[in-house]
Amino acid sequence: WEASWIWSRGEERPRNSFLYLRRSFEVPAAVRSASVRVSADSRYRLYVNGRYVGRGPPRSVPPWQYYDVYDLSGELRRGVNVVAALVHHYGESTGQYILGRGGFIFQMEVELAGGGRLLVKTDRTWRVARARAWRQDTPRINGALGFVEVYDAREEPLGWKDLGFDD
């Protein structure tokens, strides 16, 4: 991995916290192939150019953190592209999760038609914002499961996953 784990400033293990993460980048030529490895502590939903790609990671423990692999060859286009993720950090252990530090990691290797390589990875250039559409102060369902989800769509920034969004 050349990517770094990223998170917001402040608390390392915020309880029931959601973040929006984004990175725009330029693809200078047609794409031959594009493969991404991605993970989060605790869970993520991944989008490319506004399109839902997947969610994860599979259940794992911090010393052996699993990651997902996606083929994004058909999702990227020449010109500006955007990767966006919604990350949910539990901030408490559950029956299916061992407490770790909040984080997100993403590394995409792109082979360009005609030669050349592009690397897009999590680093300090990513835009990160707390997702206020999800309430943090909700109770746990029970000792083994996660939190009751309370979502207010009025608080979600319209188009945050899309190319034209002003972050």
Percentage relative contact order, segment 121-167, counting C-alpha pairs under 8 Å, at least six apart: 32 percent
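For segment 84-167, with only Lys/Arg (+1) and Asp/Glu (-1) charged at the beta-carbon, what is the dipole magnitude about the Cα centre, in debye rounded to 20? Numbers along the way, then the final one.
Values: 11 positive and 12 negative charges, 48 e Å.
Here segment 84-167 has a charge dipole of around 220 debye.
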Within the chain, what percent of beta bridges assigned by DSSP are antiparallel, to the nearest 5? 100 percent
Take the chain, connect every pair of alpha-carbon atoms lying under 10 Å apart with a spring to form a Gaussian network, then pick out the residue of 128, 148, 83 with the largest mean-square fluctuation. 148
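Relative to the Cα centre, what is the charge dipole magnitude of segment 37-150, using +1 at the beta carbon of each Lys and Arg, -1 at the beta carbon of each Asp and Glu, and rounding to the nearest 20 debye? It would help to have the intermediate numbers written out before the result.
On the way: 17 positive and 10 negative charges, 62 e Å.
Using Cβ point charges on Lys, Arg, Asp and Glu, segment 37-150 gives about 300 debye.
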Per q in 0.15, 0.17, 0.23, 0.24 1/Å, what log10 I(q)/I(0) does a Debye calculation on the alpha-carbon atoms of segment 27-111 return? -0.57, -0.69, -1.05, -1.12
Taking a ≥ b ≥ c as the square roots of the eigenvalues of the Cα gyration tensor, with a/c under 1.5 meaning rounded and otherwise prolate when a/b exceeds b/c and oblate if not, segment 59-167 is oblate
Separation between Cα centres of segment 100-167 and segment 13-87, rounded to whole Å: 8 Å
Subtracting the Cα-Cα distance of residue 92 and residue 4 from 0.36 nm times their residue separation yields 29.4 nm
Mark the label point 7 Å from the Cα of residue 45 along Cα→Cβ and return the residues of segment 77-101 whose backbone N is within less than 15 Å of it. 84-89
Per-residue HN-Hα couplings for segment 91-108 [Karplus 6.51, -1.76, 1.60; θ = phi - 60°; Hz; x = Gly/Pro]: x, 8, 5, 10, x, 10, 8, 9, 4, x, 8, x, x, 9, 9, 8, 9, 10
Could you rank the peptides 64-76, 93-105 by their average count of other C-beta atoms within 10 Å per residue, with the highest value first? 93-105, 64-76
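Counting only protein heavy atoms and using a 1.4 Å probe, what share of the accessible area of the chain belongs to carbon plus sulfur, as a whole percent? If you can, show how the numbers build up before the last one.
Numbers: 4300 of 8980 Å².
Of the solvent-accessible surface of the chain, carbon and sulfur hold 48 percent.
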Taking a label point 7 Å from the Cα of residue 132 along the Cα→Cβ vector, which residues of segment 16-51 have an amide N closer than 19 Å to it? 16-22
Tell me, what is the per residue accessible area of the chain in Å², probe radius 1.4 Å? 54 Å²
Using θ = phi - 60° and the Karplus relation 6.51 cos²θ - 1.76 cosθ + 1.60, list the HN-Hα couplings for segment 9-14 in order, rounded to whole Hz, with x at every Gly or Pro. 5, x, 4, 7, 10, x
Explain nothing, just the number: relative contact order of segment 68-167, from Cα pairs under 8 Å at least 6 residues apart, as a whole percent. 25 percent
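The values are calculated or read from the model by the stated rules, or taken from the named source; none is laboratory data. Since the model is a prediction, treat every value here as computed from it, not as a measurement. Cβ: placed from backbone, ideal geometry, glycine included. Neighbour counts: every protein chain shown. The protein model used for the area step is the full one, side chains on, heavy atoms only, and it has no ligands, DNA or RNA in it. Shrake-Rupley method; radii C 1.70, N 1.55, O 1.52, S 1.80 Å.
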